[in-house]
1. Restricting to Cα pairs below 8 Å that are 6+ residues apart, what does the relative contact order work out to for the range 1-123? Please round to a whole percent.
2. Once both labels are modelled 7 Å past Cα along the beta-carbon direction, what's the T220-L161 spacing in nm?
3. Using a Gaussian network for the chain with springs between C-alpha atoms less than 10 Å apart, which of these wobbles most: G18, G55, G142?
4. Output ³J(HN,Hα) for the range 182-198: one whole-Hz value per residue in order, computed from phi by the Karplus curve 6.51 cos²θ - 1.76 cosθ + 1.60 with θ = phi - 60°, and x for Gly and Pro.
5. Set the Förster distance to 45 Å, then compute FRET efficiency between Q291 and H261 from the Cβ-Cβ distance, nearest 0.05.
6. What is the gain in length, in nm to one decimal, between R53 and R277 on full extension, counting 0.36 nm per residue of separation less the C-alpha to C-alpha distance?
7. How would you classify the range 3-63 from its alpha-carbon gyration tensor, with a ≥ b ≥ c the square roots of the eigenvalues: rounded for a/c under 1.5, else prolate if a/b is greater than b/c, otherwise oblate?
8. Under 8 Å for C-alpha pairs, at least 6 residues apart: give me the relative contact order for the chain, rounded to a whole percent.
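Taken together, the values in this text are just the output of simple stated rules run on the coordinates, not laboratory data. It should be emphasised that the depicted structure is a prediction, and the values quoted were computed from it without experimental measurement. Don't worry about glycine lacking a Cβ; one is built from the backbone with ideal geometry, like all the others, and counts go over all protein chains shown.
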Amino acid sequence: MSEFTLHDLQCFDAVVRGGGFQAAATALHRSHPAVFAAVAKLERQLGLALLDRSGYRVRPTPAGTSFHRRAQTLLRELEGLRTHAAQLAMGEESELRVVVGDFCPRPEILGLLSRFFAQCPATRLHLHFEAVGGPQERLLDGEADLILHRVDKRDPRIEWLDLAQVPFIPVAAPAYLPEPLARAATPRALRDYTQCVMRDTARHTPARDYFMIEGAPQCTVPDQLMKKEIILQGMGWGHLPRFLIDAELRDGRLQSIASRHLPGSTEELVAARRGDRPQGPVLTRLWQHLQDASGAMQTR
């Protein structure tokens, strides 16, 4: 078997991902005949039929599927090597993209970022705010270098740094719910009352059910501050991070409706970056900056 090239692999990968030669040619900025020839050469060199061309759309054969799966490791390493070489060539990053999630304690987090980037005048900070599944989706889509939110810690692509435990408490304004229900709230009894929930900014990640009660009327909001105001005004009930409502719980403007049937939860606030990609020097220093501050944040 003669040697195949990275170009041949890239053309085959693009055909599988795009579902056809023309889509692959467009993605690679090459001509249709060039992509077709590269894949045909790869098949000859391997002695395998990698693509089934009998249908309207080409698709990988069983051998092609297996080969494509193994080729991903090599292609990811190539992309990582290119990224690393680019970072070496340019020195420190000229920009970093940071996404702040919906339940971050903003004064502390923004203060940390402000102090850090004041020492990095050559690196421009692009700061974005996302909710629910949006932050992790931006990280995995390559649209963020660092996120401050929750993540799926089982995902091998993600490296995380624990920052704080954030308790969420179900609350309502004192007059919103009848007294017996406020003392012993159950999801079934709350179906008749408006639940205030966060709008998920994820675009293609399957939605996850955070605290939502099926069948209850909903009021959807873009951030925790709007959610808090809706609840304060007696327009609904919902879960809020404790650090955001400590004062209102103390002075009675909000009351906890937590019970054994509606216990609330504790979310893990983390800093997260891609663990399968090389990191530049500025992001590495920012990671250490957040790690140094993590002990002071603890439980919020």
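1. Working: 88 pairs, mean separation 22.1, N = 123.
Value for the range 1-123: 18 percent.
2. The two pseudo-label positions are separated by 3.5 nm.
3. Maximum among the listed residues: G55.
4. Result, ordered by residue: 5, 7, 9, 5, 10, x, 4, 5, 7, 4, 8, 10, 5, 9, 8, 10, 7 Hz.
5. Details: r = 38 Å, r/R0 = 0.85.
Working from the Cβ atoms, E equals 0.70.
6. Working: separation 224, 0.36 × 224 = 80.64 nm, distance 3.47 nm.
Contour length minus the Cα-Cα distance gives 77.2 nm.
7. Values: a/c = 1.81, a/b = 1.07, b/c = 1.70.
Because a/c hits 1.5 or more and a/b fails to exceed b/c, the range 3-63 counts as oblate.
8. Numbers: 478 pairs, mean separation 64.1, N = 300.
Answer for the chain is 21 percent.
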